[in-house]
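Asks: This structure is in structure tokens; I'll ask about it shortly.
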Amino acid sequence: MKTNKSFTKRMRVTRTGKILARKPGQDHFNAKERGRTKGVKKRGVEIVMSNQLKRRFLGGNAMKKAKPEVKEAA
């Protein structure tokens, strides 16, 4: 299945496999906002997705960046 490019461009995958994106609807009507509020609106928010959805929308890169869980033997 092909990667959904429009969706992928809005996301960023961290080294640990977290997916970050901006909250929708934060770009307009900011003239009256305080500087702190504007800064908060620019920050990314972690998005929780199942591995199936990651594979479907983000393709192989999101799955490759995620670290495999290492279970220690007791």
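Asks: Could you check segment 1-40 and list, in sequence order, the residues that are in a helix (DSSP H, G or I) and of a type in the set (K, R)?
Replies: Selection gives K5, R36, K38.
Asks: Assuming A62 fulfils every condition listed in (1) surrounded by 10 or more Cβ atoms within 10 Å (Cβ to Cβ); (2) part of a helix (DSSP H, G or I); (3) small (G, A, S); (4) modelled with pLDDT of 80 or more apart from one, which condition is it?
Replies: In the conditions (1) surrounded by 10 or more Cβ atoms within 10 Å (Cβ to Cβ); (2) part of a helix (DSSP H, G or I); (3) small (G, A, S); (4) modelled with pLDDT of 80 or more, A62 misses (4) alone.
Asks: Would you please name the residue that is surrounded by the fewest Cβ atoms within 10 Å (Cβ to Cβ), looking only at residues in segment 10-24 that are more than 16 Å from K42 (Cα to Cα) and of a type in the set (K, R)?
Replies: Out of the qualifying residues, it is R15.
Asks: Has segment 41-52 got at least one residue that is outside any loop (DSSP other than H, G, I, E, B), modelled with pLDDT under 85 and over 11 Å from the mean Cα position of the chain (by Cα)?
Replies: yes
Asks: I'd like the residue in segment 1-32 that is closer than 14 Å to R56 by Cα and of a type in the set (D, E, K, R) and, out of all such residues, is modelled with the lowest pLDDT.
Replies: Restricting to residues being closer than 14 Å to R56 by Cα and of a type in the set (D, E, K, R), the top hit is K2.
The values are calculated or read from the model by the stated rules, or taken from the named source; none is laboratory data. Remember, predicted model here, so these are calculated numbers, not experimental data. Positions of Cβ are generated from backbone atoms using ideal geometry, with glycine treated the same way; all protein chains shown enter the neighbour counts.
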